[in-house]
Amino acid sequence: MKTIRLFLVLCVALCVASSCKKSEYVNLIPADATLVAAVDLKKMAEKGDAANSKLLGMMNSYMGLVVSGSDKEKMEEMMSDPNRTGLDFTLPVYFFKTVNDCAGMVMSINSESRFEDFVNLLSEQGLCSRPVERDGLKWSSLLEDIDFAYDGNSVLLLMSLDEEGGAMSKVEINELYASEEENSFQATTHFDKMSEQKKDVVIYSNLGVLPASLAKKMKVFLPSDVRISDVDVMASLDFSAGKAVLQAELYSENEKVQQILSRRSDNFKRIEGRYIDSPAKDFFVWGCCGVHGEWLLNALKQDKEIRQMLFLLECGIDVEMMIKAIDGDVAVVLPNSFITSDTNDLDYIVTANVGNTDFLADMDYWRKSMKKFGIEMNAVGKDTYLLKTEGYELQWGVEDDNLFFATPVAYRQNAFSPRSEVLRPYISDIKNSVLYLYVNLESLPLREIAMVTGMEGFLGDKLAGFESVILRIEDTDKFELSVRLKDKDRNFLETLLN
């Protein structure tokens, strides 16, 4: 019941958001905030036709579970006309995270009396405590876990993410209301950069706040002399006809670090597109990047697990020589055979353009050395070999200037299936990228998956309408992730909410 109540409170609050322009209430966000998100929910509600959506109908149904009597009618009126809450829905709602590990939300108020009525309504229903005036602010708590304070211009909600730091949120609220504009996020260059974005959601974050495990993986893709805390990311999310697109850009306020990030593109090459027609029909995933083998080897070695694996492989095969020979496109294809497979093995084909095939000269030595480790490698064609170990087989070889590795199932499926044309409409985007990943959701029985996982009905219908997920890196500091629908004419949000 508490979860339902929190959901309804947030739904009411999030009905009131907007565009990105300077306003006094933004001063409540501290300058050293590690994450800030501006959400234009007013525009999103219009795009999704939220007023006539099935989601609103579901919310109204839940309303009866937590709101009773005449208050139910008042709450429904506020949801249909956010002006009645006293909140200013012509300005954005901001979410942020502080260095003291508190999560916050700040909104502008355009009618103090109406907002008072709104808070009293929530209080009557037990959704928040009755407001108390102290230090020139009015204080309350939402569902006992979220402290909030407000004056005639703004409302600030803050919740400690540390289970033992509950009192810290009240202290921070006082400090933030007392701070000056020059000490706020609005005075930073990050805010200026956010203001340039005209998207539904704009997000700033410092990479230093990433969980340690994720930061470690991210560090592999950064120059060794760059600290992850010196790198910031500006991202935007926008909903349009048939797709939702998340774009992100890495940058640094440190001029030296920014120069290093800019030079990082020298390690990558634009995708030539030689493997666009390589995946078989109904493939699941196709990915391609353009790299220099020497850089790829050094980047892989930065990961301890990969470094250990390479060391073991070197006992029987000169895998480093193979990787160094790569010069251009590297493509990975995952067939959808795992759906019908009765094992958990992942089938794949990896194909890479190589500048030389010098490593083939040592084949006799490799075959002999591998036997010492219980690995058998036999020739099955010209420059083609089948590697066998207990419970695992891998086919690999060189055709023209293409080095490939494939599991037997993927090799056979690729050899005897017609080629897919799914990637053809994206040729231009692919060739203007250094990395491109296409997840073909149409190859999956999404409706059946929804039924098996208990998501049939409303969610199952939505899943069945998805076409693909695309990750594109145009340059080493610019990323784009898009989710695309089969219906190209209807706004993504409208499809999702109805």
Please indicate, with yes or no, whether at least one residue in the range 67-88 is at pLDDT below 80, of a type in the set (Val, Ile, Thr) and either within 15 Å of Leu156 (Cα to Cα) or out of contact with any Leu (no Cβ under 6 Å at 6 or more places or on another chain) (or both). yes
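Please go through the range 272-294 and pick out each residue that is open to solvent by 50 Å² or more (accessible area, probe 1.4 Å) and more than 24 Å from Ala361 (Cβ to Cβ).
Glu272, Arg274, Asp277, Lys281, Asp282
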Set Ser53, Ser108, Ser23, Ser19: member being in contact with an Asp or Glu (Cβ under 9 Å, 6 or more places away or on another chain) and modelled with pLDDT of 80 or more: Ser108
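Right, Ile317: assigned to a loop (DSSP other than H, G, I, E, B), open to solvent by less than 50 Å² (accessible area, probe 1.4 Å) and not small (Gly, Ala, Ser) or not? Write out each step before concluding.
Values: assigned to a loop (DSSP other than H, G, I, E, B): yes; open to solvent by less than 50 Å² (accessible area, probe 1.4 Å): yes; not small (Gly, Ala, Ser): yes.
Yes; evaluated as a whole, the condition is true for this residue.
Yes/no per residue for (1) assigned to a strand (DSSP E or B); (2) without any contact (Cβ under 8 Å) to a residue 40 or more places away in the chain; (3) β-branched (Val, Ile, Thr):
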position	(1), (2), (3)
Lys198	no, no, no
Val202	yes, no, yes
Ser205	yes, no, no
Gly208	no, no, no
Ser213	no, yes, no
Met218	no, yes, no
Val226	no, yes, yes
Ser229	no, yes, no
The condition from (1) closer than 19 Å to Met322 by Cβ; (2) surrounded by 13 or more Cβ atoms within 10 Å (Cβ to Cβ) that Ser337 misses is numbered (1)
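Scan the range 111-129 residue by residue and report those that are part of a loop (DSSP other than H, G, I, E, B), at pLDDT 90 or above and out of contact with any strand residue (DSSP E or B) (no Cβ under 7 Å at 6 or more places or on another chain). Working first, answer last.
The first filter runs over the range 111-129 and keeps only residues part of a loop (DSSP other than H, G, I, E, B), leaving 111, 125-127, 129.
With the extra rule that they be at pLDDT 90 or above, the set shrinks to 111, 129.
Ser111 - this is the single residue of the range 111-129 that is part of a loop (DSSP other than H, G, I, E, B), at pLDDT 90 or above and out of contact with any strand residue (DSSP E or B) (no Cβ under 7 Å at 6 or more places or on another chain).
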Within the range 145-160, track down each residue that is open to solvent by 30 Å² or more (accessible area, probe 1.4 Å), under 31 Å from the mean Cα position of the chain (by Cα) and charged (D, E, K, R). Asp145
Please indicate, with yes or no, whether at least one residue in the range 257-268 is at pLDDT 80 or above and not in a helix (DSSP H, G or I). yes
Where a residue in the range 329-342 is on the phi < 0 side of the Ramachandran plot and among the hydroxyl-bearing types (Ser, Thr, Tyr) and its partner, wherever it lies, is open to solvent by less than 30 Å² (accessible area, probe 1.4 Å) and at pLDDT below 95, with Cβ under 6 Å and at least six apart: Ser337/Asp347
Residues that are modelled with pLDDT under 90, farther than 23 Å from Val330 by Cβ, open to solvent by 50 Å² or more (accessible area, probe 1.4 Å) and acidic (Asp, Glu): does the range 220-229 have at least one? yes
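Every residue, every condition in (1) surrounded by 15 or more Cβ atoms within 10 Å (Cβ to Cβ); (2) under 15 Å from Gly465 (Cβ atoms), yes or no:
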position: Tyr411; (1), (2): yes, no
position: Asn414; (1), (2): yes, no
position: Arg424; (1), (2): no, no
position: Ser428; (1), (2): no, no
position: Asn440; (1), (2): yes, yes
position: Leu446; (1), (2): yes, yes
So which residues in the range 295-314 are in a helix (DSSP H, G or I) and either in contact with a His (Cβ under 6 Å, 6 or more places away or on another chain) or open to solvent by less than 30 Å² (accessible area, probe 1.4 Å) (or both), if there are any at all? Leu297, Ala299, Leu310
Just one of the numbered conditions (1) part of a strand (DSSP E or B); (2) modelled with pLDDT under 90 is not true of Val245; which one? (2)
If you take the residues in the range 448-497 that are buried (at least 18 other Cβ atoms within 10 Å of the Cβ), of a type in the set (S, T, N, Q) and out of contact with any Phe, Trp or Tyr (no Cβ under 9 Å at 6 or more places or on another chain), which one is modelled with the highest pLDDT? Ser482
Does any residue in the range 402-427 that is more than 15 Å from Trp286 (Cα to Cα) come within less than 6 Å, Cβ to Cβ, of a residue that is in a helix (DSSP H, G or I) and open to solvent by less than 40 Å² (accessible area, probe 1.4 Å) six or more places away or on a different chain, and which pairs are these? Val409/Ser337
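Just for the range 71-104: of the residues that are part of a helix (DSSP H, G or I) and touching an Asp or Glu at 6+ places or on another chain (Cβ under 8 Å), which one is least open to solvent (accessible area, probe 1.4 Å)?
Filtering the range 71-104 for residues part of a helix (DSSP H, G or I) gives 71-80, 82-85.
Adding the requirement that they be touching an Asp or Glu at 6+ places or on another chain (Cβ under 8 Å) leaves 71, 84.
Values: Asp71: 28, Arg84: 110 Å².
Checking each candidate, the answer is Asp71.
Looking at Asp238, is it over 15 Å from Ala33 (Cβ atoms), in contact (Cβ under 8 Å) with a residue 24 or more places away in the chain and crowded, with 19+ Cβ neighbours inside 10 Å? So that I can check it myself, show each step before the final result.
Values: over 15 Å from Ala33 (Cβ atoms): yes; in contact (Cβ under 8 Å) with a residue 24 or more places away in the chain: yes; crowded, with 19+ Cβ neighbours inside 10 Å: yes.
Yes, satisfied.
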What number of residues within the range 345-388 are open to solvent by 80 Å² or more (accessible area, probe 1.4 Å), at pLDDT below 85 and among the small types (Gly, Ala, Ser)? 0
Name the residues in the range 195-250 that are polar (S, T, N, Q) and under 23 Å from Ile29 (Cβ atoms), would you? Ser195, Gln197, Ser205, Asn206, Ser229, Ser236, Gln247
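The values are calculated or read from the model by the stated rules, or taken from the named source; none is laboratory data. Bear in mind the structure is a predicted one, so any value in this text is a computation, not a measurement. When we count neighbours, we look across all protein chains shown, and the Cβ atoms used for this are built from the backbone with ideal geometry, even at glycine. For the accessible areas, the whole protein counts, side chains as well, though only heavy atoms, and no ligand, DNA or RNA atoms are used. Shrake-Rupley method; radii C 1.70, N 1.55, O 1.52, S 1.80 Å.
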